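Structure first, then comments.
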Amino acid sequence: MTAKIIDGVAIARSVRVGIAERAGALKARGVNPALTVILVGDDPASAIYVRNKVRACAEVGIKSEVVRLPADIAERQLLERIRVLNDTPSIHGILVQLPLPRHISVRRVVETISAGKDVDGFHLYNVGGLVIGQTVFPPCTPYGVQKILEHEDIELEGKNVTVVGASNIVGKPLALMLMQREATVAICHAKTRDLTQYTILADILVVAAGSPNLIVPAMVRTGAVVIDVGINFVDGRLVGDVDFQGVRRKASYITPVPGGVGPMTVTMLLENTVAAAERATAAARLHAIDA
Ligand code: NAP
């Protein structure tokens, strides 16, 4: 068997067409969908991620601005900047690029962002919504994985899904989202004993561990769908968590790294930002009718 290689770039492009149309419809009604990204300090990787987000916003007609703050900014001042943005109706989405300097609490920062503008989906309110199946803003990377599965018409109902990686931003929310779609989900992490006993059962195997070559063919069921979220640099090369060349001979579908899940993450940020603008516009209209 040779797997179909899922083209995340092409899927992202097609999803972005729909997002651009929605942004255009908002503009026709006088609303300019807008995202503010806060970048604290001068971490080079963060600067690249922020630049990519700004470029992607421009491509679909979302206005974006970057607020650059020094690495030694007091947490109190950062929280104040966020509160001002919360109270600015023309800003629909707020994102604070992680990681933050060690003296700043990520939790306090995330909880300060208004839940209705939390387009990363990290606020406790949004996490709670996900847990009870009333998702407000799904976190972008798991949302991207879900879109890939939808795009490829991969059935989830009743399927065995194994998610390797249990972080708050990828593994756990993804497991919840797929459980919501009536899959049976196992979540594995670094302390899981005998990882293979879980991966071998998976109809759909999602790997988000940050460990190159973690998944080798012997761990994969023949015909499984394999989604590789991992991003690792090995000898100057970008690779995922899956032995791509080996596993592609056993799987039915596989995502490459790069060009698989990566392009979908930023795309889903755009989707969440347009959704935030649409909801804010609908709420303002209702308010106007009430008044
Ligand atoms: P993270 O916070 O470091 O979490 C990694 C998770 O994997 C943890 O739950 C950890 O277990 C588990 N893990 C680590 N080594 C393992 C092993 N040998 N066996 C089983 N589980 C193991 O990382 P993350 O933020 O979730 O990101 C995961 C990977 O996805 C990274 O490579 C990251 O760069 C990549 N990523 C990609 C995108 C994208 O857009 N493509 C977006 C976000 C992240 P414990 O909980 O026990 O420590």
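Summary table
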{"read-out": "Filter pass, VAL261 being within 30 Å of ILE91 (Cα to Cα), crowded, with 22+ Cβ neighbours inside 10 Å and out of contact with any Phe, Trp or Tyr (no Cβ under 9 Å at 6 or more places or on another chain)", "value": "yes"}
{"read-out": "Set THR255, THR267, THR184, THR199: member being out of contact with any strand residue (DSSP E or B) (no Cβ under 9 Å at 6 or more places or on another chain) and hydroxyl-bearing (Ser, Thr, Tyr)", "value": "THR267"}
{"read-out": "Complete set of residues in the range 161-183 that are surrounded by fewer than 21 Cβ atoms within 10 Å (Cβ to Cβ), of a type outside the set (A, V, I, L, M, F, W, C) and within 16 Å of GLN134 (Cβ to Cβ)", "value": "GLN180, ARG181"}
{"read-out": "Residues of the range 3-53 classified as open to solvent by less than 10 Å² (accessible area, probe 1.4 Å) and free of Cβ contacts under 8 Å to residues at least 12 places away in the same chain, total", "value": "0"}
{"read-out": "Some residue of the range 67-77 being open to solvent by 60 Å² or more (accessible area, probe 1.4 Å) and in contact (Cβ under 8 Å) with a residue 60 or more places away in the chain", "value": "no"}
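The values are calculated or read from the model by the stated rules, or taken from the named source; none is laboratory data. Everything numeric in this text was worked out from a predicted model, so none of it was measured. Neighbour counts run over all protein chains shown; Cβ positions are idealised from the backbone, glycine included. Accessible surface is based on the protein model in full, side chains and every heavy atom, while ligands, DNA and RNA are left aside. Shrake-Rupley method; radii C 1.70, N 1.55, O 1.52, S 1.80 Å.
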